[in-house]
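Readers should treat all values here as calculations from the given coordinates under stated rules, not as data from a laboratory. Computed from a predicted structure; not experimentally measured. Every residue, glycine among them, receives a Cβ derived from its backbone with ideal geometry; neighbour counts consider all protein chains shown.
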Amino acid sequence: MFMCDGSGAAARGLPVYLPVTEAAADANTFVCEMQGSGSETGVGGGLSGVDLVLTPSGVGAAAGGYRALNGSAYFNATQAALAALLNGDEWTIMWAMRNMAATAQIWMAMLSNGATAHIALASGVPYSPVPQVTTNQNLPTCVDAMGTAEFRMALWRKKGNVHYGIKLGTVWPTGWDSFPVTGRQVGLGGGLNVGAWSTHQKIAGYSSGGLAYDVGTIVISKIGLQAAPV
């Protein structure tokens with residue numbers, strides 16, 4: 001895969017340890033563990049009622065804390081939840097994943113029309129509309145053969161920049177230094193352009209035929225992970 005490894009004189013800061021279980025969720029961080037076959041209800045983030053619910057479409061039942069996404073399957077969050085969690089100067093979204101198709105492309109999407117971040121897989125073509133951080137600033141594609149292994153992905157904003165990371169294993173990232181050099185990227189000056197929240201609410205999505213992956217715990221926080229040294 002191709003990623004750019006940011007560098008510079010600014011201090012990275014300390015690792016940021018966000019809650020990654022529903023039991024540990026707090027007012028700043030929403031955590032949803034995959035446990036059922038219908039809608040999943042998370043905890044925390046200062047949310048309540050329907051805003052705690054992730055609604056699936058075409059998603060398989062939970063097995064070992066993961067749910068399979070095939071075809072055009074996805075999880076939707078509510079407009080209010082995304083606005084509450086992702087409208088600040090910093091934020092983080094993290095996913096536990098496994099069983100990724102060997103030739104899949106992972107698009108970390110932050111759409112310029114104000115849509116939420118989400119992940120989508122494709123075979124040689126991007127999710128539509130094209131993933132962007134802000135207008136005309138596309139995140140690069142990460143192409144990797146993860147196979148059946150468990151891995152962690154994160155998209156976060158800190159110190160004015162949007163970051164992306166992917167790493168093998170079950171240990172949750174705490175920031176830039178958690179990811180290998182070839183598995184991290186920083187987009188200078190990127191940010192969430194809040195607009196039509198109701199248009200795109202996918203927090204985990206899939207695009208194009210023949211590929212699949214399993215999604216596990218999803219973490220969405222008002223707090224950004226450790227920043228890159230840029």
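Give, in nm to one decimal, the length gained when the segment between residue 230 and residue 48 is fully stretched (0.36 nm per residue of separation minus the Cα-Cα distance). Numbers along the way, then the final one.
On the way: separation 182, 0.36 × 182 = 65.52 nm, distance 3.68 nm.
Using 0.36 nm per residue and subtracting the Cα-Cα distance, I get 61.8 nm.
Could you give the nm distance between label points at residue 14 and residue 171, where each point is 7 Å from its Cα heading toward the beta carbon?
Distance between the two pseudo-spin positions: 1.9 nm.
Report, ordered by chain and residue number, the lysines lying within cross-link reach of residue 159, taken as a straight Cα distance under 18 Å and ignoring same-chain residues fewer than 8 apart.
Here the lysines satisfying the reach criterion relative to residue 159 are 222.
To the nearest 0.05, how large is the calculated FRET efficiency for residue 41 and residue 63 if R₀ is 25 Å and r is the Cβ-Cβ distance?
According to the calculation, E is roughly 0.85.
Taking amide H atoms as placed 1.01 Å from N in the peptide plane, list the residues 5 or more away in sequence, or in a different chain, whose amide H sits under 5 Å from that of residue 150.
169
To make sure I understand the rule: partners must be aspartates and glutamates, Cα under 18 Å from the Cα of residue 158, and not fewer than 8 residues away in the same chain. Which ones qualify?
Counting by Cα, and skipping residues close in sequence, residue 158 has these aspartates and glutamates nearby: 5, 89, 90, 177.
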